[in-house]
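Colleague: So that we are looking at the same thing, I have put the structure below in structure tokens.
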Amino acid sequence: MPILESDAGLDTASLGVSGTNLPDFGSASYKDAYSRINAIVIEGEQEAHDNYISLGTLLPDQAEELDRLARMELKHMKGFTACGKNLAVEADMDFGREFFSPLRNNFQSALSEGKVVTCLLIQALLIEAFAIAAYHIYIPVADPFARKITEGVVKDEYTHLNYGQEWLKANFEASRAELEQANRANLPLVRTMLDRVASDAAVLQMDKEDLIEDFLIAYQEALTHIGFSTREIARMAAAALV
Ligand code: PL3
Ligand code: FE2
Ligand code: FE2
């Protein structure tokens with residue numbers, strides 16, 4: 001597929017006439033949207049690394065395992081950095097940092113209070129479910145280089161979600177009240193993040209409703225596994241509607 005220099009407002013990505021179903025990865029509008037999405041992903045992977053290291057300070061007996069998870073996140077970050085370079089896109093890292101600031105602030109205050117349950121809900125459930133949804137929806141519309149990288153990454157993200165859900169399952173009764181509270185405080189932030197990324201994601205041919213659906217499936221499956229009932233999960237999901 002030829003990658004053409006496009007005129008503003010008339011690029012093949014938005015018209016979907018590139019000859020295949022894939023976007024025009026070289027168009028100005030694709031690269032502009034990618035500069036923000038790529039930054040979100042790079043920042044998200046970097047913060048995920050930092051968060052797993054921080055969790056190791058709250059769970060010293062788990063520090064080795066958490067260190068292993070953290071190292072995977074650095075590998076992801078490097079992979080997605082390469083994806084941007086491959087498309088000659090410069091990631092807008094100021095945007096990426098700002099995008100994550102509400103969740104980052106909540107994680108940091110939970111960390112300073114030693115609230116391991118809240119930290120796990122934010123990083124291992126919400127952020128990982130968000131990443132799993134985003135990467136799933138991205139893979140079929142990614143350029144071949146990024147598709148290969150993202151396919152490798154998404155497998156790891158299940159490992160991370162799984163880590164959080166197993167710990168919370170093993171400590172369910174003691175964690176239940178804090179989980180509900182942390183969900184109420186943080187699920188609306190994820191909803192806002194999805195809303196904010198929707199227009200750029202659309203340029204990458206990623207559909208917002210698909211993202212929400214995939215996110216809710218991953219998140220609700222995790223809550224089920226941890227031990228919540230269907231009714232409790234419905235009540236928790238409703239926190240995102242307010
Ligand atoms: C945890 O391991 C990583 C956290 C990253 C969060 C990713 C959010 C993604 C937002 C929408 C992105 C589309 C995917 C495009 C990939 C270049
Ligand atoms: Fe990751
Ligand atoms: Fe992860």
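Colleague: Is it the case, given these coordinates, that Ala177 is on the phi < 0 side of the Ramachandran plot, open to solvent by 20 Å² or more (accessible area, probe 1.4 Å), assigned to a helix (DSSP H, G or I) and touching a residue at least 40 places away in the same chain (Cβ under 8 Å)? Steps first, please.
Modeller: Working: on the phi < 0 side of the Ramachandran plot: yes; open to solvent by 20 Å² or more (accessible area, probe 1.4 Å): yes; assigned to a helix (DSSP H, G or I): yes; touching a residue at least 40 places away in the same chain (Cβ under 8 Å): no.
No, not satisfied.
Colleague: Continuing with the same structure: Can you tell me which residue within the stretch 164-174, out of those that are surrounded by fewer than 21 Cβ atoms within 10 Å (Cβ to Cβ) and assigned to a helix (DSSP H, G or I), is farthest from ligand 3 (Cβ to nearest atom)? Break it down stepwise before answering.
Modeller: Quick first cut of the stretch 164-174, residues surrounded by fewer than 21 Cβ atoms within 10 Å (Cβ to Cβ) only: 166-167, 169-174.
From what is left, the residues that are assigned to a helix (DSSP H, G or I) are 166-167, 169-170, 172-174.
Working: Glu166: 15, Trp167: 15, Lys169: 18, Ala170: 20, Phe172: 22, Glu173: 27, Ala174: 25 Å.
So the residue we want is Glu173.
Colleague: So which residues in the stretch 94-149 are over 18 Å from Ser54 (Cβ atoms), small (Gly, Ala, Ser) and in contact with a Lys or Arg (Cβ under 9 Å, 6 or more places away or on another chain)?
Modeller: Selection gives Gly96, Ala142.
Colleague: I've got another one for you. Kindly indicate the residue of the stretch 101-141 that is touching a residue at least 24 places away in the same chain (Cβ under 8 Å) and not in a helix (DSSP H, G or I) and also least open to solvent (accessible area, probe 1.4 Å) among those meeting that condition. Give the steps one after another, and end with the answer.
Modeller: Just the residues of the stretch 101-141 that are touching a residue at least 24 places away in the same chain (Cβ under 8 Å), to begin with: 102-104, 106-107, 110-111, 114-134, 136-138, 141.
Next, from what is left, pick out any that are not in a helix (DSSP H, G or I): 114-115.
Numbers: Gly114: 43, Lys115: 65 Å².
Here the residue is Gly114.
Colleague: Filter the stretch 63-100 down to the residues that are under 23 Å from Tyr158 (Cα atoms), more than 16 Å from ligand 2 (Cβ to nearest atom) and open to solvent by 50 Å² or more (accessible area, probe 1.4 Å) and list them by number.
Modeller: Passing the criteria: only Glu64.
Colleague: Mind telling me which of the residues Gly114, Gly79, Gly16 ends up being on the phi > 0 side of the Ramachandran plot, modelled with pLDDT of 95 or more and not charged (D, E, K, R)?
Modeller: Details: Gly79 fails: on the phi > 0 side of the Ramachandran plot; Gly16 fails: modelled with pLDDT of 95 or more.
One residue alone meets the criteria, Gly114.
Colleague: Could you check how many residues of the stretch 142-163 are open to solvent by less than 20 Å² (accessible area, probe 1.4 Å), assigned to a helix (DSSP H, G or I) and either more than 10 Å from ligand 3 (Cβ to nearest atom) or charged (D, E, K, R) (or both)? Before the answer, list the steps.
Modeller: Of all residues in the stretch 142-163, those open to solvent by less than 20 Å² (accessible area, probe 1.4 Å) come to 142-143, 146, 150, 153-154, 157, 160-161.
From what is left, the residues that are assigned to a helix (DSSP H, G or I) are 146, 150, 153-154, 157, 160-161.
From the residues that got through so far, the ones that are either more than 10 Å from ligand 3 (Cβ to nearest atom) or charged (D, E, K, R) (or both) too are 146, 150, 157.
The qualifying residues number 3.
Colleague: Tell me which residues, restricted to the stretch 51-81, are closer than 19 Å to Phe95 by Cα and free of Cβ contacts under 8 Å to residues at least 12 places away in the same chain.
Modeller: Across the stretch 51-81, the qualifying residue is only Lys78.
The values are calculated or read from the model by the stated rules, or taken from the named source; none is laboratory data. Remember, it's a predicted structure, so these values are computed and weren't measured experimentally. Heads up, the Cβs are rebuilt from the backbone with ideal geometry, glycines too, and the neighbour counts pull from every protein chain shown. For accessibility, only protein heavy atoms count, side chains too; no ligands or nucleic acids. Shrake-Rupley method; radii C 1.70, N 1.55, O 1.52, S 1.80 Å.
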